[in-house]
Structures are given as C-alpha cells and as structure tokens.
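Asks: This is the structure I have questions about; it appears just below.
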Amino acid sequence: MSSAWFGLIGVVVGGLIPTLWQWLAVVRQELSEAMVAARLVDEDLRRVEQTLSQDAASAKPDTSIWLANRVALARGLGQKQWDAVADAYRVHAGTSGDAWEAPRERLKAAREAIEPLVKGKRYVLIQRWHNL
C-alpha cells in the first residue's frame, strides 16, 4: 500500500515540476517584453517632457509608440501603473500654459509608474506577485 502512495506522489510531483517551469518561463518572457516596451515608452515620455519645457504646442506623445507597446505593458503593469501611463497618452485639451500643468503631472506619474520596468526585471518581480 505504501509503495502505491509513493508512486502517486511521484506522479504528482513529476507533473508539477514541468508545469511550474513552464509558467515561470511565460512570466519571464512577459516581463522581458514589458521591460523593452517600458523603455521605449519612457523614452517617448522623456522626449515629451523636454519638448514641453521648450515648446508646449509641439509636445505631444507619439501614439504609434504607445499603440505598438501597450499590450506588453498591460501584461507587466498593475492597474494603478497602467492608469498612470494611459493618462499620459490621452489627448490633451489645450495648449496654453495653465492647460499644460496637468499633462506635466501625468507625464511624471507615468514615468514613475514604469520606472521599475525601465530599471530591469529584478525590480519588478515583487510587483508582479502583487498584480496577480
């Protein structure tokens, strides 16, 4: 009877190990893609911040960068971080000095939200567990 239990435990453990390994590989791939996407989006937002301080009229985020990378970011960011980055890419209503104060704050919040991904994967592993 005890040999049957050992056999059953061996089958269960033998099935769990490849499943866990496969899941970790998927998580690693998603984080790698999110890291690359975050770096591209961060570069665009940094450009917008620099342009905003010089010429507010031409300071618009590049929506093609956002459209190309938002799926990877959606997998790697939590809801609050996602909302902060998405807010930075929403269409801005005005171009006067006062109207651009809110976008400055949104750009700063978005860059802070993706900062762990921009730094690298090891900074975002704990955040990934919280996002599940």
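Asks: What does the C-alpha gyration tensor say about the overall shape of the stretch 26-80? Classify as rounded when a/c is under 1.5, otherwise prolate if a/b is larger than b/c, or oblate.
Replies: The shape class here is prolate.
Asks: Same structure, new question: Among 21-30, 105-114, what's the highest-first ranking by average C-beta atoms within 10 angstrom per residue?
Replies: Highest to lowest by the protection proxy: 105-114, 21-30.
Asks: Using a Förster distance of 35 Å, how high is the FRET efficiency between I17 and V71, based on the Cβ-Cβ distance and rounded to 0.05?
Replies: 0.70
Asks: Something else about it: Take V26 and S3, extend 7 Å from each Cα along the Cα→Cβ direction, and tell me the distance between the two endpoints in nm.
Replies: For V26 paired with S3, the spin-label model returns 3.8 nm.
Just so you know, all these numbers are worked out from the coordinates, no wet-lab data involved. Treat the numbers as computed from the prediction; the structure is a model and nothing was measured. Here Cβ is always computed from backbone atoms with ideal geometry, including for glycine, and neighbour counts include all displayed protein chains.
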